[in-house]
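Computed from the coordinates by the stated procedures, all read-outs in this text should not be read as laboratory data. Note that the structure is predicted; figures quoted are calculated from it, not measured. Cβ: placed from backbone, ideal geometry, glycine included. Neighbour counts: every protein chain shown.
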Amino acid sequence: MQRNTLETVMGALVLLTAVAFFSLAYEAADLQGDDGYLIEAEFGATGGLAIGDDVRISGIKVGRIISQELDPITYAARIVMSLDERIQIPADSSARITAASLLGGNYLELMPGADEEMLKAGEVIYDTRDPVSLSDLLGKAVFSSSNDS
């Protein structure tokens, strides 16, 4: 009888731990609906940006990447993002893809302009800057120093 009670208590603890783990994972994943408005941006390269990555202004998360697709005519990468409805972006804003850290991970940074007119849902940001590749920079540094010798 005592053994069955111990097994029941241990089973309950395992179940509670699993529930706590899944709720923590759900919160950390920041899974939320597309309750913002959608705007797009065109880039020459995405530099590893992925669906679900953050969209930030001044380091503050204001949205997330919803989808990526290749424009079949211009071969540009078109990124669709969902932004918080409370945040209005000026029409002359620009966007760039930035590394979150040296260990990896990227986010899309919006740099607001000064225009009085705001971007509306479905509009496209064309003033974009492609991400800088660390391997390209290292290659240039290595090969330029070997040519100087």
Choose one of S93, I57, L6: the residue whose Cα lies farthest towards the positive end of the charge dipole of the chain (beta-carbon charges +1 Lys, Arg; -1 Asp, Glu; about the Cα centre).
L6
One finds, for K61 and R129 with R0 = 22 angstrom and r their Cβ-Cβ distance, a FRET efficiency to the nearest 0.05 of 0.65
Any idea what % of Cα-Cα pairs in the range 82-131 are farther than 18 Å?
35 percent
If you line up the long axis of helix 134-148 against the longest principal axis of the chain, both from Cα atoms, how many degrees apart are they, to the nearest 10?
50 degrees
Kindly give Rg over Rh for the chain, based on alpha-carbon atoms, with the Kirkwood expression for the hydrodynamic radius.
1.22
Output the 0 to 90 degree angle, nearest 10, between the alpha-carbon long axis of helix 2-29 and the longest principal axis computed from the alpha carbons of the chain.
20 degrees
Once M111 and I87 are pulled to full extension, the length gained, defined as 0.36 nm per residue separation minus their Cα-Cα distance, is 7.4 nm
Expressed in nm to one decimal, what extension gain is obtained for the pair A121 and V14 from 0.36 nm per residue of sequence separation less their Cα-Cα distance?
33.9 nm
Give me the one-decimal nm value for the distance between modelled label points at R3 and E69, 7 Å along each residue's Cα-to-Cβ direction.
6.2 nm
Quick check on the chain: helices-only [θ] at 222 nm, where DSSP H runs of length 4 and up contribute -39,500 (n - 2.57) each and the sum goes over total residues. Nearest 500, please.
-10000 deg cm²/dmol
Per-residue ³J(HN,Hα) for the range 79-94, Karplus 6.51 cos²θ - 1.76 cosθ + 1.60, θ = phi - 60°, Hz, x for Gly and Pro:
10, 9, 10, 9, 10, 4, 4, 6, 9, 9, 9, x, 5, 9, 6, 10
